[in-house]
Amino acid sequence: MKIDLTDTTSSKINKALVQGRRAIGTPAVGMVLTLVLVTDEENQYDALKAANEASREHPSRKLVVVKRVSRSPRDRAKARLDAEVRVGADAGTGETVVLRLYGEVMDHAQSVVLPLLLPDAPVVVWWPVSAPVNPAKDALGRLAQRRVTDTYAAENPVAELSARADAYTPGDTDLAWTRITPWRSMVAAALDQVACDVTSVEVEGEEHNPSCELLAMWLADRLHVPVKRTVSKGPGLTAVRMETTCGPIKLDRADGSLATLSIQGQPDRAVALKRRETSELIAEELRRLDPDDTYASALRFGVERLSDETGSSSKTAGAGGTSGSKPATTATPAAMPKKAESK
């Protein structure tokens, strides 16, 4: 069921939600959180589709905030709020409200969203594109327990990681980090099978992919060994190669779907390591609403590493956006101990 409201208010939207629930015969509210999507008209369809699929696991009220730029100065001075209320089959599991803001009300989106939040339920804000530099200080970000961004959608992804580290606040997270969860699990599982010390690591992936940088930062932060970042044609991450005192450990994925795990003295194994859809990434982030300390530690380590060791390579390439030069080898600071921590 869809209800269109033109030049409306938050109060009328709340009444429309109640009206819609009664019309489809489900007056009870069974949602566990409010998911606020801040996007533009171009990307709102894909973002909402991903959120609807994620809502099968996390029933939620989805508030889509779309800021519409008016064409004339007169229209830009006039504040207006249009809304589309969706309940039932049109809203996935939960409810959906698409809010289109015009004029001066664009600068006060939090005033529109606040009355529509579910009472006594967590709030998650997701910026699929054009995330603020400091999400925690954004007017909508202040309403949330978790703030989800995606550095992969930034113009200069690698440089964006440095800005994210400077502005990090507990509760911030990044879909570029979520994308490497299966890689981190597989690498940890591989290290659990051997009683060796890691001496060096190489992370290989496509250029301008922040997930590759984050995986390299995490490995350097946890293992305290030199980490080399090399470039491949992709897709995404293609390999992690570790040199240990017992021989090499390799996790290679050339096709974006199936990887091969090679451990010295053991037969090679094929492991499923497919690239995941955005809906799966969002669903994973909604499973935990507490601060991700591991992400914070890896991100903060990376700021120092990128600025000290890759200022003329990876960071420069990221800042160039369309630069044809490829990042050179990057490593952890020389002062880091070479012996791995316990696995």
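The values are calculated or read from the model by the stated rules, or taken from the named source; none is laboratory data. None of the values given here were measured: they were computed from a predicted structure. A quick note on method: Cβ atoms are made from the backbone with ideal geometry, for glycine too, and the neighbour counts reach across all protein chains shown. All accessible areas refer to the heavy atoms of the entire protein, side chains included, with ligands and DNA or RNA removed. Shrake-Rupley method; radii C 1.70, N 1.55, O 1.52, S 1.80 Å.
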Review point. Considering only residues of the stretch 164-184 that are in a helix (DSSP H, G or I) and more than 15 Å from the chain's Cα centre (by Cα), which is surrounded by the fewest Cβ atoms within 10 Å (Cβ to Cβ)?
Key: Asp166
Practice item. Mind telling me which of the residues Ser211, Ser200 ends up being among the hydroxyl-bearing types (Ser, Thr, Tyr), in a helix (DSSP H, G or I) and in contact (Cβ under 8 Å) with a residue 40 or more places away in the chain? Key: Ser211
Study note, to complete from the structure: (1) within 15 Å of Arg241 (Cα to Cα); (2) open to solvent by less than 40 Å² (accessible area, probe 1.4 Å) all hold for Leu214 apart from (1)
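Residue by residue, here is whether (1) within 21 Å of the chain's Cα centre (by Cα); (2) aromatic (Phe, Trp, Tyr); (3) at pLDDT 95 or above; (4) crowded, with 16+ Cβ neighbours inside 10 Å holds:
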site: Leu161; (1), (2), (3), (4): yes, no, no, yes
site: Met186; (1), (2), (3), (4): yes, no, no, yes
site: Val201; (1), (2), (3), (4): no, no, no, yes
site: Glu204; (1), (2), (3), (4): yes, no, no, yes
site: Gly236; (1), (2), (3), (4): yes, no, no, yes
site: Ser257; (1), (2), (3), (4): yes, no, no, no
site: Leu261; (1), (2), (3), (4): no, no, no, yes
site: Gly265; (1), (2), (3), (4): no, no, no, no
site: Ala270; (1), (2), (3), (4): no, no, no, no
Point to revise | Filter pass, Leu289 being within 30 Å of Ala121 (Cα to Cα) and modelled with pLDDT under 90 | key: yes
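Residues are listed down the side, and each one gets a yes or a no for (1) out of contact with any Lys or Arg (no Cβ under 9 Å at 6 or more places or on another chain); (2) open to solvent by 10 Å² or more (accessible area, probe 1.4 Å); (3) more than 27 Å from Ser11 (Cα to Cα); (4) not acidic (Asp, Glu):
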| position | (1), (2), (3), (4) |
| --- | --- |
| Glu84 | no, yes, no, no |
| Val98 | no, no, no, yes |
| Val105 | no, yes, no, yes |
| Ser111 | yes, yes, no, yes |
| Asp120 | yes, yes, no, no |
| Ala131 | no, yes, yes, yes |
| Arg142 | yes, yes, no, yes |
| Arg147 | yes, yes, no, yes |
Review point. Is the stretch 101-113 home to any residue that is part of a loop (DSSP other than H, G, I, E, B) and not hydroxyl-bearing (Ser, Thr, Tyr)?
Key: no
Check your understanding: In the stretch 24-39, what count of residues is obtained for those that are open to solvent by less than 70 Å² (accessible area, probe 1.4 Å) and modelled with pLDDT of 85 or more?
Key -> 7
Review point. Within the bounds of the stretch 259-268, is there any residue that is within 22 Å of Ala153 (Cα to Cα) and not aliphatic (A, V, I, L, M)?
Key: no
